[in-house]
1. What are the ³J(HN,Hα) couplings of segment 152-161, residue after residue, when phi is run through the Karplus curve with 6.51, -1.76, 1.60 and θ = phi - 60°? Round to Hz, x for glycine and proline.
2. Could you check which residue among Ala103, Ala17, Ala115 shows the biggest mean-square fluctuation in a GNM of the chain with a 10 Å Cα cutoff?
3. Once a ≥ b ≥ c are taken as the square roots of the eigenvalues of the Cα gyration tensor of segment 88-243, is the result rounded (a/c under 1.5), prolate (a/b larger than b/c) or oblate (a/b not larger than b/c)?
4. Excluding ligands and nucleic acids, what accessible area in Å² is computed for His80 using a 1.4 Å probe, to the nearest 10?
5. For every helix of n ≥ 4 consecutive DSSP H residues, a contribution of -39,500 (n - 2.57) applies; sum these over the chain, divide by its total residues, and give [θ] at 222 nm rounded to the nearest 500 deg cm²/dmol.
6. In Å², what does the accessible area per residue of the chain work out to with a 1.4 Å probe?
7. Residues with amide H under 5 Å of Arg197's amide H, sequence separation 5 or more or different chain, H placed in the peptide plane at 1.01 Å from N; which?
8. Probe radius 1.4 Å, ligands and nucleic acids ignored: give me the carbon and sulfur share of the accessible area of the chain as a rounded percent.
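The values are calculated or read from the model by the stated rules, or taken from the named source; none is laboratory data. What you are looking at is a predicted structure, and each value in this text was computed from that prediction instead of being measured. Because the Cβ atoms are built from the backbone with ideal geometry, glycine has one as well, and the counts that use them run over all protein chains shown. To get the accessible areas, we keep the full protein, side chains included, count just its heavy atoms, and leave off ligands, DNA and RNA. Shrake-Rupley method; radii C 1.70, N 1.55, O 1.52, S 1.80 Å.
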Amino acid sequence: MEHRKLVAGNWKMHGTAQSIAEIVQIAAAVPRGVDVVLCLPATLIERAARAVPGFTIGAQDVHIEAAGAFTGDVAAHQLHDAGASFTIVGHSERRDGHGEADAVVAAKAIAAMAAGLEVIICVGETRDVREAGRAVVTVSAQLDASLTPIPPTAVAYEPIWAIGTGLVPSLQDIGDMHAALRERLVAAYGEAGARVRLLYGGSVKPGNAAEIFAIPNVDGALVGGASLTAADFLPIVEAAAAA
Ligand code: 13P
């Protein structure tokens with residue numbers, strides 16, 4: 001099934017009020033035929049949503065609960081209230097840095113959906129797992145255990161060793177992984193699983209975006225470092241629109 005591509009930027013812990021100009025520049029230049037979302041730090045969501053009405057803003061994480069004594073956390077409906085319509089859950093920087101297991105990731109995705117957010121669930125293997133030849137089986141199991149009763153908008157395959165390193169799996173390896181993940185999604189959701197957009201993430205840059213978007217079952221990208229500036233992000237968005 002051919003999908004309209006989705007290019008999601010993940011700003012991680014970058015950006016202050018000064019960055020709004022960059023977001024305005026990105027929002028103004030998104031071409032037709034591609035969906036774009038910028039997943040911003042929680043502190044920038046409302047400011048960005050006001051600056052670029054109609055442009056899709058996302059969050060990077062949500063709490064499982066809707067409210068309560070959870071110092072420092074942000075609930076999904078609060079992010080929605082601030083202007084987010086998407087969120088990432090299960091990024092490897094949350095799984096590893098904050099000990100989030102698959103069941104927590106699934107619970108976060110359920111909480112996000114309940115608050116009206118579209119969800120991008122992330123999965124990906126370590127370098128050791130890749131070198132041991134166990135990437136597909138490991139990531140497939142991770143996906144199965146992270147899924148929600150209702151299909152998410154997107155699943156992002158992000159090999160941990162490719163994030164921020166300039167390393168990217170071979171096009172064949174990306175294709176093999178995405179084919180395996182598509183099978184898991186169809187097994188879980190039937191026809192609706194064919195509509196979940198499968199994003200690749202990990203060192204996507206203007207120079208490699210077009211070849212990645214040409215791989216079967218790659219329906220877009222989750223972009224870290226190269227999403228921080230219009231100069232880097234827009235060529236990636238344009239490559240997706242042209243794919
Ligand atoms: P980079 O694009 O900087 O490698 O980051 C990928 C990522 O983690 C996006 O969520």
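1. x, 5, 8, 10, 10, 8, 10, x, 4, 6
2. Among Ala103, Ala17, Ala115, the largest mean-square fluctuation in the Gaussian network model of the chain belongs to Ala17.
3. Working: a/c = 1.37, a/b = 1.27, b/c = 1.08.
Cα axes put segment 88-243 in the rounded bin.
4. Accessible area, nearest 10 Å²: 80 Å².
5. On the way: 10 runs with 99 residues, N = 243.
Rounded to the nearest 500, the figure is -12000 deg cm²/dmol.
6. Working: 10510 Å² over 243 residues.
Solvent-accessible surface per residue comes out at 43 Å².
7. Correct list: Ala154, Val155.
8. Working: 5590 of 10510 Å².
Using a 1.4 Å probe with all protein chains present, the chain comes out at 53 percent carbon and sulfur.
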